[in-house]
Structure formats: structure tokens, C-alpha cells
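> One structure, pasted below without further comment.
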Amino acid sequence: MLSEKEISDYRERVIKQLLLFQKLDIDPHDDENAHEHKLMIAFKEGQLFALNKIISGYDEPIKCLSFTMYGASDDLVELEGGINDELGAYDVVSNFVLSDGTRGTIEYTKDGVWRINILEHGDVRVNIIHPTRDEIDNDTNYTDRATFTGNIDWIIFDGGQIFKPR
């Protein structure tokens, strides 16, 4: 059974989703592929919107997923855990959005270190571990590691690449 606060938070998320659907001309009754297609178009036009699927009842269990994002070599973004994949990211700042509204960037800096920055927090918990100066200087670790934990349906990067749990 959900608490009053959880029900209130849920209602607030549904209202936000409906407003986003309306702005992007998405019918919440469309199938998931139509949502993804319109989301990719919106993202390519520079509009970073987080669109969650609308759950049809309070009795559906809330999913809890955890995955870690980090850089590898000088050209790959790795996703490991509940979402497992990799993304080519040579010489670019990669913007990303999670389904809960969390928004951020990951980039390989001129100093040879992968940095992850959260620009906007959603509902998921984010824990970023930065390499120490000693690790960087000794080439034993050159990447931030961000672990995302919560109700996550997908993560989308620049260009519309969508990654989901498998």
C-alpha cells in the first residue's frame, strides 16, 4: 500500500507527464514506439524532456533499477548493471536524460579524465565517485563513476540513442 505522500508524488508526476505529452503532441494512449519516436524528434530539436510511461493504477509495484555510467578509453561511455551497453563519444560532451527527469553530461576532458555532471535532478538517487588526484596521476583511474538507482525506464543520449533495461 502506498503512503499519502507517495500517492501525492505519483499524481504530481502524472500531471507533469500529461503536460509534456501535450507539449510534444503525444497521446498517452499511443503505443510505446510512438512515444519513443516523438521523444527522439524532440531531443534532436534540442528539447530535453523526460517522458515516463503513465502507470494505470497505484497497485502496480514500483521498479527499482541500478546502473553505473563511466568513461572508457577516450571514446566510450559505458553503462553497466540494470542497463548494459556502450556509446561512442569521441571528442564530444554527451548530454543525457533519464526517464525520471535527471539530466546531465559526460565528457572526456583535455586533462584525460572522464567527468560526469548532473544538471538537473529527478527522482532517482545519484552517487558520483570521482577519481583521486593520485589515481589520475598514476593512470590507475581516469573516470568519474555515476550510479543511478530508482524507477528508471530508459536513458537517452544526444542523437536520440535510447538505452533500456534488458
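> Report, by residue number, each residue of region 114-161 that is over 17 Å from residue 71 (Cα atoms), surrounded by fewer than 17 Cβ atoms within 10 Å (Cβ to Cβ) and of a type in the set (A, V, I, L, M).
119
> Looking only at region 80-91, filter to residues that are within 16 Å of residue 161 (Cα to Cα) and exposed (fewer than 14 other Cβ atoms within 10 Å of the Cβ); which one of those is modelled with the lowest pLDDT?
For region 80-91, the residue satisfying everything is 90.
> Here's another thing I want to ask about it. Among the residues of region 101-113, how many are surrounded by 20 or more Cβ atoms within 10 Å (Cβ to Cβ) and either closer than 16 Å to residue 142 by Cα or charged (D, E, K, R) (or both)?
Within region 101-113, residues that are surrounded by 20 or more Cβ atoms within 10 Å (Cβ to Cβ) and either closer than 16 Å to residue 142 by Cα or charged (D, E, K, R) (or both) number 2.
> Do we have residue 71 as in contact (Cβ under 8 Å) with a residue 24 or more places away in the chain, more than 30 Å from residue 5 (Cα to Cα) and assigned to a loop (DSSP other than H, G, I, E, B) here?
Working: in contact (Cβ under 8 Å) with a residue 24 or more places away in the chain: yes; more than 30 Å from residue 5 (Cα to Cα): yes; assigned to a loop (DSSP other than H, G, I, E, B): no.
Criteria not met by residue 71.
> Tally time: how many residues in region 90-110 are more than 16 Å from residue 151 (Cα to Cα) and touching a residue at least 24 places away in the same chain (Cβ under 8 Å)?
Number satisfying all stated conditions: 7.
The values are calculated or read from the model by the stated rules, or taken from the named source; none is laboratory data. Nothing here was measured: the structure is a model prediction, and the numbers come from that model. Cβ coordinates were reconstructed from backbone atoms using ideal geometry, including for glycine residues, and neighbour counts include every protein chain displayed.
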